[in-house]
Amino acid sequence: MIPQSLRSLRKSPGFSALVVLVFAVGIAANTAIFSIVYGVLFQKLPFARPDRLVAIDTLKNGEADSSAYPDFLDWRAQSKSFDHLSAYATAAVTLTGAGDAASLPSTVVSGDLFNLLGRAPLLGRTLGLEDDERGAVRAALLSEATWTTYFARDRAIVGRSITLDGDAFVVVGVMPAAFQFPFESEDPTAVWIPVRASRFAAQWAEQRNASFVSVIGALRDGVALPTARAELTTVAASLAKQYPSNQSRTLTIRPFQDVLVKDYRLGLVVLLAAVAAVLLIACANIANLLLARGSARRREIAVRVALGASRSTIVRQLLSEGLVLALIGGTIGALLAAWGVDALVKISPIQIPRLHDVHIDMRALAFTTLASVITGIVSGLVPAIQLSRPNPVDSLKEGDRGASGASGARTRQVLVVAEMAVSVALLAAGGLLVRSLITLQRVHPGFVADRAITMQLMLPGAQYPNSDAILTFYRRLHDGLATMPGASASALSTTLPMTGSNIDVGLTIEGRPTDPNDRPSAPLFSVSPEYFATMGIPLAKGRRFTERDSQNAPAVVIVSDAFARKYWPNEDPIGKRITLSYNHTGPREVVGLVGDVKQSKLSDELQPQVYAPFEQMPWPFITAVVRTTGAPEAAAQSLRGVLARVDPMQAAGELRTLDQYVSRSVATPRFTALLVGLFAIFALLLAGFGLFSVMAYSVAQRGREIGVRMALGATASDVRTMVVGQALKMAVIGFGIGLAGAFVAGRLLTTLLYGIEPHDPFTLTAVSATLFAVMLLAAYLPARRATRVDPMTALRTE
């Protein structure tokens with residue numbers, strides 16, 4: 001069958017090439033997206049016993065949040081459901097003594113993390129429980145990239161001392177490049193150090209009101225997740241009674257892999273459904289092409305039947321041809337998919353865990369093979385059944401001029417209707433995502449992002465061990481920024497909104513009873529006096545901070561409008577007092593009310609926020625923001641120069657513009673909308689091509705009828721109306737069916753939408769207009785061709 005199929009296909013090289021191309025593109029898109037979806041959502045984590053790994057989070061306002069290190073230690077000591085429990089948090093450290101000072105992304109970990117993960121080092125050993133004990137020698141574990149970049153892959157690095165944040169650390173080992181943890185970090189970890197070895201982390205490790213670590217555990221064999229959840233819930237309740245002044249200790253325990261991908265699961269599934277829809281449309285298109293080609297072979301098939309070929313033989317032959325085309329297309333598709341996966345990974349602005357590890361492997365090739373076989377069968381089965389039951393006498397009488405019959409015409413029309421129905425649903429989904437993105441991008445973040453560059457810093461604890469040292473650095477940097485060339489305004493803050501970092505502190509509202517199980521908290525920003533003017537955050541009432549709000553001045557705060565609405569509804573917040581849990585300085589008077597600012601993403605609900613003068617509440621991490629007169633990127637070197645003059649040993653951390661942070665906050669919906677939109681447009685073009693091919697074939701087959709009509713007086717306009725009307729009838733039916741699919745798709749996309757309803761009338765109207773415009777174009781071209789039929793020539797051929 002295969003050699004015969006190849007000989008048959010060689011007779012129509014143009015047709016075969018077109019079918020192979022459609023197959024290749026459809027299968028390539030599906031293979032590429034399948035590889036990404038499988039690699040991110042279903043591929044087992046590269047750790048020991050990945051199915052037993054769970055994430056343990058403290059719930060705050062119903063949302064999973066970080067936990068306090070003392071709480072983690074109690075969980076580990078009192079629970080029996082886990083082989084290991086470990087805590088970790090990300091931070092930046094400054095490496096000195098290995099060339100220029102460099103800021104490295106680091107992860108502070110409890111000592112048993114690597115036992116839990118079960119990964120061996122490339123050199124030396126990993127960190128152990130003994131490294132996290134009080135008084136232990138400071139140990140550091142390097143990544144292979146750090147070992148290569150800063151230590152030239154010197155194997156004698158193990159046991160050598162390096163300087164991190166001004167402290168001496170002994171390198172105990174090097175982890176291989178394939179190891180990455182945590183996955184959710186935007187930048188791969190360069191060095192792992194024990195919690196108590198980090199001066200920054202160690203100061204929080206003793207405080208139960210400081211939530212800064214994430215917790216991961218490995219369930220014991222035979223212990224189910226509900227059992228572990230019940231046990232830790234009991235432990236948490238006991239801690240809440242023992243330490244009633246602290247925040248609620250309600251816990252949530254979920255499979256670790258689910259936690260990693262929870263923000264991306266639905267978007268990836270939507271992409272997979274979109275490319276599957278494209279492949280279905282491609283199958284329908286190919287089935288139509290095979291039907292049209294098969295109709296031209298009706299005389300050949302009739303001769304085979306007349307000579308004794310059975311129907312099953314004809315079906316096998318036609319299916320074999322479809323499978324050959326599909327397998328050739330699948331082979332090309334696999335090559336395109338390998339390129340497509342690399343391209344998608346490179347252009348993706350989303351920090352999806354393990355995305356950069358995705359590649360075409362044996363599972364992807366197996367998927368390609370299976371998809372090729374299934375699409376070959378699906379697209380070839382309908383024409384095979386349709387064409388394997390000709391009437392030999394009628395077919396031989398008709399010869400090559402005969403029509404394919406009413407049954408064949410109906411089959412092609414049904415396929416076109418199905419294509420349009422699927423494309424309507426997909427186009428509606430893409431339209432909703434694009435419209436949602438446009439709505440989201442119009443949301444004001446609460447500050448002005450134009451022409452502003454930022455620089456994040458983490459002051460080493462050894463060099464800046466107390467508030468006085470931190471304030472000395474702060475003042476020198478503050479003065480240096482004020483004279484920076486090209487700067488129109490500048491300010492300092494602990495963190496900035498939309499950067500993904502924030503300090504959340506517990507607080508007490510004076511005169512308001514506090515429920516110990518639901519203690520208020522809010523993001524805290526310690527800022528310089530110029531902060532609000534520089535960021536463009538409007539002052540609604542009261543005053544901004546001034547230079548007079550110094551260490552020895554009365555303690556004050558400024559709150560956001562959302563804070564005032566939540567805690568003092570219908571009251572004037574100015575003069576109210578709150579107490580922050582951070583440094584126990586007593587009540588602070590509210591002296592100002594400022595506008596709300598989006599904290600993490602543009603789609604977030606507005607959250608209460610608190611601002612304190614940096615002079616009164618210094619922190620070891622500082623972010624500089626500079627408003628520039630020109631392009632902010634051009635000011636990066638000047639900003640580094642200011643830092644070098646203040647402290648040559650301090651490494652500049654991340655330098656980004658505020659625009660980049662705002663853009664990053666909508667990266668996921670933008671990328672999803674882009675891909676689904678592109679797939680939807682491709683699906684619409686395929687559906688349009690399907691309608692065009694059916695109408696072109698219909699016009700060719702109805703040449704005598706059209707000639708008779710024109711001979712009897714029909715005008716070109718009448719003929720065009722007849723042909724276009726037939727096409728629009730299919731379009732209306734397809735749109736009606738697709739509209740139901742669009743409503744279903746809208747409901748499934750609800751959680752991905754912002755600011756619009758799942759059944760947005762504007763989107764559905766735009767989809768309708770686009771569909772009918774494409775369908776009219778696809779129908780008009782064959783209709784115009786029909787008007788060029790010469791009536792005498794058409795009649796003479798009969």
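Using the per-residue mean of other Cβ atoms lying within 10 Å as a proxy for protection, in what order, highest first, do the peptides 440-451, 47-58 fall?
Result, highest mean Cβ count within 10 Å first: 47-58, 440-451.
Farthest toward the dipole's positive end in the chain, which of Leu507, Gly734, Pro105, given Cβ charges of +1 (Lys, Arg) and -1 (Asp, Glu) about the Cα centre?
Farthest towards the positive pole: Gly734.
Just one of [x] 81, 47, 22; [y] 64, 30, 27; [z] 64, 31, 24 is semi-axes √(5λ) of the Cα gyration tensor in Å as worked out from the coordinates here. Which one is it?
Only one listed value fits the structure, namely [z].
Enumerate the helices in the chain for which the Kyte-Doolittle hydropathy averages -0.5 or more and the C-alpha atoms extend at least 24 Å along the helix's axis, using complete DSSP H runs.
13-37, 225-242, 265-296, 311-347, 362-387, 405-441, 667-701, 716-748, 761-786
Of Val610, Gly688, Ser600, which is farthest on the positive side of the dipole of the range 579-711, counting Cα position, with +1 on Lys and Arg Cβ, -1 on Asp and Glu Cβ, and the Cα centre as origin?
Gly688
Given axes a ≥ b ≥ c from the Cα gyration tensor, I'd like to know whether the range 575-674 is rounded (a/c under 1.5), prolate (a/b larger than b/c) or oblate.
Oblate, because a/c is 1.5 or more while a/b does not exceed b/c.
Counting only DSSP beta bridges with both residues in the range 518-593, what percent are antiparallel, rounded to the nearest 5?
Rounded to the nearest five, the antiparallel share is 55 percent.
Take each of the peptides 352-363, 17-28, average the number of other beta-carbon atoms within 10 Å over its residues, and list them starting from the highest.
17-28, 352-363
Rounded to the nearest 500, what is the 222 nm mean residue ellipticity of the chain from helices alone, with -39500 (n - 2.57) per DSSP H run of 4+ residues and division by all residues?
Helix contribution divided over all residues of the chain: -16500 deg cm²/dmol.
Which whole number in µm²/s is D for the range 324-376 by Stokes-Einstein, with the Kirkwood Rh taken over Cα pairs at 20 °C and 1.002 mPa s?
179 µm²/s
Kindly report the accessible area of the range 403-495 per residue (heavy atoms of protein chains, probe 1.4 Å, no ligands, DNA or RNA), in Å².
So the range 403-495 comes to 37 Å² accessible per residue, rounded to a whole number.
Net charge near Phe179: determine it from the other residues with C-beta under 10 Å of the C-beta of Phe179, scoring Lys and Arg +1 and Asp and Glu -1.
Charge balance near Phe179 sits at 0.
Per residue, what accessible area does the range 74-122 have, given a 1.4 Å probe and all protein chains present, in Å²?
Heavy-atom accessible area per residue stands at 34 Å².
Cα-based Rg of the range 60-192 per 2.2 N^0.38 Å, rounded to two decimals?
Compared with the compact-globule rule of thumb, the range 60-192 sits at 1.09.
From the residues Gly461, Ile314, Leu327, which one has its Cα farthest along the dipole of the chain in the positive direction, the dipole being from +1 and -1 charges on Cβ of Lys/Arg and Asp/Glu about the Cα centre?
So the residue we want is Ile314.
By a straight-distance test (C-alpha under 24 Å), which lysines pair with Lys60 as possible cross-link partners, with residues fewer than eight away in the same chain excluded?
Counting by Cα, and skipping residues close in sequence, Lys60 has these lysines nearby: Lys241, Lys262, Lys566, Lys598, Lys601.
Please report the relative contact order for the range 26-177, taking Cα pairs under 8 Å with a sequence separation of at least 6, and give it as a percent rounded to a whole number.
Relative CO of the range 26-177 lands at 19 percent.
Any aspartates and glutamates with Cα under 17 Å of the Lys729 Cα? List them, leaving off those in the same chain fewer than 8 positions away.
Glu419, Asp718
Once you have the Cα-Cα distance between Lys262 and Leu365, take 0.36 nm times their residue separation minus that, and quote the gain in nm to one decimal.
Computed gain between Lys262 and Leu365 is 34.4 nm.
Report the local net charge at Val215: Lys and Arg +1, Asp and Glu -1, summed over other residues whose C-beta lies under 10 Å from its C-beta.
-1
Counting only protein heavy atoms and a 1.4 Å probe, tell me what percentage of the chain's accessible area is made up of carbon and sulfur.
Here it works out to 58 percent.
Under the definition of Cα pairs under 8 Å and six or more residues apart, what whole-number percent is the relative contact order of the chain?
17 percent
How do 417-426, 454-463 rank on mean C-beta neighbours within 10 Å, highest first?
The most tightly packed comes first, giving 417-426, 454-463.
Given +1 on the Cβ of Lys and Arg, -1 on the Cβ of Asp and Glu, and no further charges, what dipole in debye does the chain carry about its Cα centre, rounded to the nearest 20?
Computed about the Cα centre, the dipole is about 3420 debye.
Just the number please: accessible area per residue for the range 549-645, 1.4 Å probe, all protein chains included, in Å².
That works out to 39 Å² per residue.
Extent of the range 643-745 along each principal axis, from alpha carbon coordinates, in Å, largest to smallest?
Principal extents (Cα only, largest first): 95, 30, 19 Å.
Counting every Cα pair in the range 125-271, what percent are over 20 Å apart?
Every Cα pair in the range 125-271 considered, those over 20 Å come to 64 percent.
The values are calculated or read from the model by the stated rules, or taken from the named source; none is laboratory data. Because the structure is predicted, anything quoted here is derived from the model rather than measured. Cβ coordinates were reconstructed from backbone atoms using ideal geometry, including for glycine residues, and neighbour counts include every protein chain displayed. The area values use the complete protein model at the heavy-atom level, side chains included, leaving out ligands, DNA and RNA. Shrake-Rupley method; radii C 1.70, N 1.55, O 1.52, S 1.80 Å.
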